[in-house]
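The values are calculated or read from the model by the stated rules, or taken from the named source; none is laboratory data. Remember, predicted model here, so these are calculated numbers, not experimental data. Note that we place each Cβ from the backbone using ideal geometry, even for glycine, and neighbour counts take in every protein chain shown.
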Amino acid sequence: MKVELHLRGQANKLRSFLISKLKQNNLSPNELAILQALVLGEKSDISKILYSEYAAAGAIHILAVSGLHVGIIYMIFLYILDPIKRLLKSKKAVNILIVLMLWGFAFLTGLSPSVIRAVTMFSFFAFAKIINRDTNRY
């Protein structure tokens, strides 16, 4: 249990550091709040008015980092690392690298339960590719 608390604490420190770096840019408060929510899973800076506008539009779920974001990141990693797969002629190395990068993203977002669940699912999906097992994405 102590390791989990320590790991979550380190993840929160990293996220706080990245938020402080984002705040150094010339972004409006609303832009900064949305960027923090989409990339880092930090929704505390979203104003009540902006939050209610997203809720009224039916798009509040976009602000919660979860399976949708992890899936998009997974697909981006597949695309970016495709030349390495061709160069090394090994799907295994690329899939292991993708899994490590996904867990890095989970760490970056503060290891929230929804992100851990999504990254775990995509990790199984990647490992199934490594052992040439058919997967049902749905």
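Could you pull out every one of the helices (runs of 4 or more DSSP H) wholly within segment 1-103 that has 3 or more residues that are farther than 27 Å from Phe125 by Cα, touching a Leu at 6+ places or on another chain (Cβ under 8 Å) and not assigned by TED's automatic domain parsing to the domain that holds Ala118? Working first, answer last.
Numbers: elements: 2-23, 29-35, 48-57, 67-80, 82-88.
In segment 1-103, the matching helices (runs of 4 or more DSSP H) lie at 2-23, 29-35.
Report yes if some residue within segment 10-22 is surrounded by 12 or more Cβ atoms within 10 Å (Cβ to Cβ), under 30 Å from Ile131 (Cβ atoms) and not aromatic (Phe, Trp, Tyr); otherwise report no.
For segment 10-22, residues surrounded by 12 or more Cβ atoms within 10 Å (Cβ to Cβ), under 30 Å from Ile131 (Cβ atoms) and not aromatic (Phe, Trp, Tyr): present.
Between Val39, Val65, Val94, which is modelled with pLDDT of 85 or more and either within 12 Å of the chain's Cα centre (by Cα) or crowded, with 17+ Cβ neighbours inside 10 Å (or both)?
Val94
Considering segment 104-133 alone, what residues qualify as being part of a helix (DSSP H, G or I) and charged (D, E, K, R)? Walk me through it before giving the result.
Applying the first criterion (part of a helix (DSSP H, G or I)) to segment 104-133 yields 104-108, 113-130.
Within segment 104-133, Arg117, Lys129 qualify.
Checking Ile80 against (1) β-branched (Val, Ile, Thr); (2) free of Cβ contacts under 8 Å to residues at least 12 places away in the same chain; (3) under 22 Å from Ile116 (Cα atoms), only one condition comes out false. Which one?
That leaves (3) as the condition not met.
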